[in-house]
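The values are calculated or read from the model by the stated rules, or taken from the named source; none is laboratory data. All of these numbers come straight from a predicted model, not from anything done at the bench. Because the Cβ atoms are built from the backbone with ideal geometry, glycine has one as well, and the counts that use them run over all protein chains shown. Calculation scope for accessible area: heavy atoms of the full protein, side chains included, ligands and nucleic acids excluded. Shrake-Rupley method; radii C 1.70, N 1.55, O 1.52, S 1.80 Å.
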Amino acid sequence: MAKSILIIDDSAAIRQSISYILQQEGYATVEAGDGLEGLQKLDDAANFDCIITDVNMPNMDGITFIRKAREIPKFKFVPILVLTTESQGTKMNEGKEAGATGWIVKPFSADKLLAVVKKVAE
Amino acid sequence: MATRRAEPGRYLSFTLGDEAFAVPVESVEVVLETPLVTRVPNAESHLRGVINFRGSVIPIVDPRLRFGGDPIGLEEGSSVIVLQMHYEGDDVVVGMLADGVREVVDVGASEIENAPKMGARESLEYVAGVARIGGEFVVILDVETTFARLAPAECAGVV
Amino acid sequence: MNEKFKETFREEAEELLGHLEDILLELEERPGDLELVNAAFRAIHTIKGSAGMFGFEKAGRFTHDLESVLDACRSGRKDVDKHLIDLSLRARDKIKALIAEDDSSAQFDAEALALMEEFRDSAAEAKPVEQRIEEPPAPKSATVKEAPRAKTKEALRSYRIHFEPARDVFHNGTRVLKLFDELAALGQLSSIPDVSRVPPLESLDPESCYVSWNSILTTSADIDAVKDVFIFVESDSKLRIDQLDTIDGDDSGPRKLGEILVDRGVVKPEDLGEALRSQRRLGEVLVERKVVTDSELQSALVEQAHLKQAQERQSEGPSSSIRVSSDKLDQLVDLVGELVTMQARLLRTSTDIADTGLSSIAEQLDRLVAQLRDNAMSMRMLPIGSTFNKFRRVVRDLSSELGKDVDLVTVGAETELDKTVIERLNDPLVHIIRNSLDHGLESPADRTAAGKPSTGTVRLAAEHSGANVVISVSDDGRGMNLTAIKAKAVERGILSPQDQLSEADALMLIFRPGFSTAQNVTSVSGRGVGMDVVKREIDSLGGSVSVESKAGAGSSIVLKIPLTLAIIEGLLIRVADEYFVLPLSVVEACMEATSSDTSNGTHLVRYRDDMIPFIDLKEYFAVPGAAPDGRQIVVVNVHDNRIGLVVDAVIGDNQTVIKPLGRMFRDAVGLSGATILGDGRVALIVDCMKIADSIPEREQKARAS
């Protein structure tokens, strides 16, 4: 069964490109535009092998999303990757404290994205 | 078995009991105080055992036992004459026990007699010749014959 | 992926920039509204983060300092003023232009450069970020290096990795064991978990990680690649990666346990010295003294083994070899033999003197000598295949001479055996093969008549079996005619007509001197010489011969030969004041002999759940003197039969350099050689097979009496 990945980013371009890259590699993807929408995707039927989330988003940011996601027993131990930029060292720590597994630094190439996803999700 | 004739040359003389014997000096490697001999069970009776000679294990032969006499005592100042000899086509080194080791002497052709005169104990075939040295008869020992295996066919192929 | 999403990004950016304009204008009216500042920052942040990914590097670079300034504003380190709004609006227009233009390789124009300059100054003016006590990890590109590229002949390095994950590591979705998969993908990995902090079950939190790991990785990857494996966990784990000395094939021997422990900081050098002086196994001593914990010791031992193995692998590589004359090799082995003997003397002397310094040197030397010995011995091991090939020619020539069609099948040509043993096996094997072809295999016509394929098969097989090599020569011929063998033996006076022989014993008659069963003497197998010579040669090699035969189906002759003739591991025992060595390869156990064991008249003694026969070596070797109390029984296993050997005392292990007893002692049954002990005296090596062979006779005798 294909691994399923939830992608949360307010930038459609980022979301779609990540989705595209992962689909090429046989992953199934679900997209959400912000943390709140992402949280709504974590319903009973959801079964994600990995979640990739941006940090700065309207409505609900990525850090809050991670904290809330970790409160759901089903997603307590699911790998969560944070999309971040080089300038946000503190965000990485905030992310880790909230329960993120790792991060992907923007800008990233397709190879880099896949390597990190494979590292945590397979 | 044909007796080999002793050649003139240098000989090392030694005693077995009160009789004097000699072997050619060129076959002698060294003379040792009798070292610790390890008995080897189930071997021919004149083989008293083995010793450590310069890191090799060599047999210790007792000529007196070969001649039907009493064994040479190992703790009473006896010596071991380490000899090179032929054994069934191989060169081997053996240690021959002797009650006492005397001297190296030159034996000229005129001093060697063919006809051995000695007691009945020694069989003729062990004797390569008799030398008259300083008014005494010394038996020149044919070591190859002395320590050759007796009746090899009897022992071969024990199953 | 650029092109596909470029347009999406462009639309998105346009939208964001439109939104940004509104925010900035609102902000001009309410400069204190943090929500607005945040929104402005987010817009710029998103554009910046994405621009680089879709080929708008210029826009990305341009935005960098603006983002910093906005970040300073939203965290209160800088105030929003009219000038900033002004600059931001101009920047917003510039970004729009940069994204609209397609040529990102062009230089920034003067206006862009001026704006960037302004933002840089403005960002520099902002109050510095309050330093967190915990410095965030320097952001790295989270590249997971793929398995080391197959570079030609790249030097391998070994890393010692201590990894103690945060207790709540699972709560971050980290799969700890996956990290080890990643490490293993980099090269050769040995890991040992330290579970000493795992609490008892009742207080164990299943969602916590109590385990830490000590690993050794040998890889061609550099240390950064190793660190990258832990990139997501290094900030909250205890991680220590040390590169160990480069392994190269001809480096000195494996690292000492003590060195490893000191190197790891587990043991202080002075503790090490003290432990070494106690003359026991270092590890045990250190654990006993609580200098190291058992798990620290175990992981150091794993490291030691790993490095040794890695070193061996490295040196395997594309193996280069040099030719050495076999004389030199023999000399080497002789010298090693001398060294082993001297070493035994040194060990003994140092024990007598009881100087701990000397003892520790003697013990270290002992290990070195043992390694040197194994090394020298392994150099003399050759595959038996070269000899097998010679036999092809023998079979070919002989089969045409005899008018028989024969296939020679060889199995186990790669089996390694001491060079000297191989050389000495040549003649016996030729004899056996000749016999098989001549007497064993039928003529093609007879074979056809018997319903067999007209081509006969001779199978030559070699395989290791413990400290021995078993070589068998089998044919699918007519098998041995037991009646003819017995008749011939009687005719030759080897056997009296009334003798009752078992089938196996009857078959062994063919090894008697002067025995020949061939109906007509042929030029091939000669005149009855042969098999007795074979037996004698195999005996002198310390081996044994056995025969199996099935009428009509063929026969096989099986030789069991010790792997090496030079040095073995032995067990030194004493009977009265005589010393003997038993090959350790056949020794199974040592136990106390009770007088009820040895004097119950059955010649059987209880061993585990069996009754096994025993032999008193004092009796067997006719050792003079009375038997003392409290004797020992050494249980040996020969041909899958256990027998007990009763001795006065078991002294201990002995590296036994085998010295031949020489032909003069060929009657000395039950001995296979001699060895020189540490004190210079000679001990005899017991031929356990021979002694085992004497058991049935003795049992018969016991029953008769």
Q) For the range B:4-24, how many residues are assigned to a loop (DSSP other than H, G, I, E, B), touching a residue at least 12 places away in the same chain (Cβ under 8 Å) and over 19 Å from B:GLU75 (Cβ atoms)? A) 5
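Table: residues versus (1) over 29 Å from C:LYS535 (Cβ atoms); (2) open to solvent by 20 Å² or more (accessible area, probe 1.4 Å); (3) part of a helix (DSSP H, G or I).
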{"residue": "C:ASP366", "(1), (2), (3)": "yes, yes, yes"}
{"residue": "C:VAL394", "(1), (2), (3)": "no, yes, yes"}
{"residue": "C:LEU398", "(1), (2), (3)": "no, no, yes"}
{"residue": "C:HIS431", "(1), (2), (3)": "no, yes, yes"}
{"residue": "C:ALA461", "(1), (2), (3)": "no, no, no"}
{"residue": "C:HIS464", "(1), (2), (3)": "no, yes, no"}
Q: Could you grab the pairs with beta carbons closer than 8 Å, sequence gap of 6+ or different chains, first residue in the range B:25-45 and outside any loop (DSSP other than H, G, I, E, B), second one basic (Lys, Arg)?
A: B:VAL25/B:ARG10; B:GLU26/B:ARG10; B:THR38/C:ARG681
Q.
Criterion first (of a type in the set (Val, Ile, Thr), under 21 Å from C:LYS308 (Cα atoms) and modelled with pLDDT under 80) does C:VAL262 satisfy it?
A. yes
Q. Tell me, which residue of the range C:653-669 that is more than 9 Å from chain B (Cβ to nearest Cβ) and open to solvent by 20 Å² or more (accessible area, probe 1.4 Å) is modelled with the lowest pLDDT?
A. C:GLN655
Q.
Here is a check on your reading of the model: is A:ILE80 at pLDDT 85 or above, within 22 Å of C:ARG42 (Cα to Cα) and not small (Gly, Ala, Ser)?
A. yes
Q. A:PRO73 versus (1) more than 9 Å from chain C (Cβ to nearest Cβ); (2) within 13 Å of the chain's Cα centre (by Cα): which is the lone unmet condition?
A. (2)
Q: Could you look through the range B:46-66, keep only residues that are open to solvent by less than 20 Å² (accessible area, probe 1.4 Å) and part of a loop (DSSP other than H, G, I, E, B), and pick out the one that is farthest from the other protein chains (Cβ to nearest Cβ)?
A: B:ASP62
Q: Would you mind telling me which numbered condition in (1) buried (at least 16 other Cβ atoms within 10 Å of the Cβ); (2) over 25 Å from the mean Cα position of the chain (by Cα) C:SER196 fails?
A: (1)
Q: Considering each residue of the range C:672-682, count those that are at the interface with chain B (Cβ under 7 Å from one of its Cβ atoms) and assigned to a strand (DSSP E or B), and give that number.
A: 3
Q. Where residues in the range A:9-53 are β-branched (Val, Ile, Thr) and within 13 Å of chain C (Cβ to nearest Cβ), which of them is surrounded by the fewest Cβ atoms within 10 Å (Cβ to Cβ)?
A. A:ILE21
Q.
For the structure I just gave you, tell me whether C:VAL646 is open to solvent by less than 10 Å² (accessible area, probe 1.4 Å), more than 14 Å from chain B (Cβ to nearest Cβ), out of contact with any helix residue (DSSP H, G or I) (no Cβ under 8 Å at 6 or more places or on another chain) and within 21 Å of C:MET689 (Cβ to Cβ).
A. no
Q: Report the residue count in the range C:535-550 for those that are modelled with pLDDT under 85 and open to solvent by 30 Å² or more (accessible area, probe 1.4 Å).
A: 4
(Q) I need every pair where a residue in the range A:106-118 that is at the interface with another protein chain (Cβ under 7 Å from one of its Cβ atoms) has its Cβ under 7 Å from the Cβ of a residue that is part of a loop (DSSP other than H, G, I, E, B) and among the small types (Gly, Ala, Ser), sequence separation at least 6 or different chains. (A) A:LYS112/C:SER141; A:VAL116/C:ALA142
Q: Only residues that are closer than 21 Å to C:ARG175 by Cα and open to solvent by 10 Å² or more (accessible area, probe 1.4 Å): list them for the range C:215-230, please.
A: C:ASP224, C:LYS227, C:ASP228
**Q.** Scan of the range C:373-392 for residues that are open to solvent by 40 Å² or more (accessible area, probe 1.4 Å) and basic (Lys, Arg), ordered by number
**A.** C:LYS390, C:ARG392
Q: Report the residue count in the range A:54-81 for those that are outside any loop (DSSP other than H, G, I, E, B) and open to solvent by 10 Å² or more (accessible area, probe 1.4 Å).
A: 7
Q) When you scan the range C:529-565, how many residues do you find that are in a strand (DSSP E or B) and under 38 Å from the mean Cα position of the chain (by Cα)? A) 12
Q: For C:GLY451, state whether it is at positive phi, surrounded by fewer than 13 Cβ atoms within 10 Å (Cβ to Cβ) and modelled with pLDDT of 85 or more.
A: yes
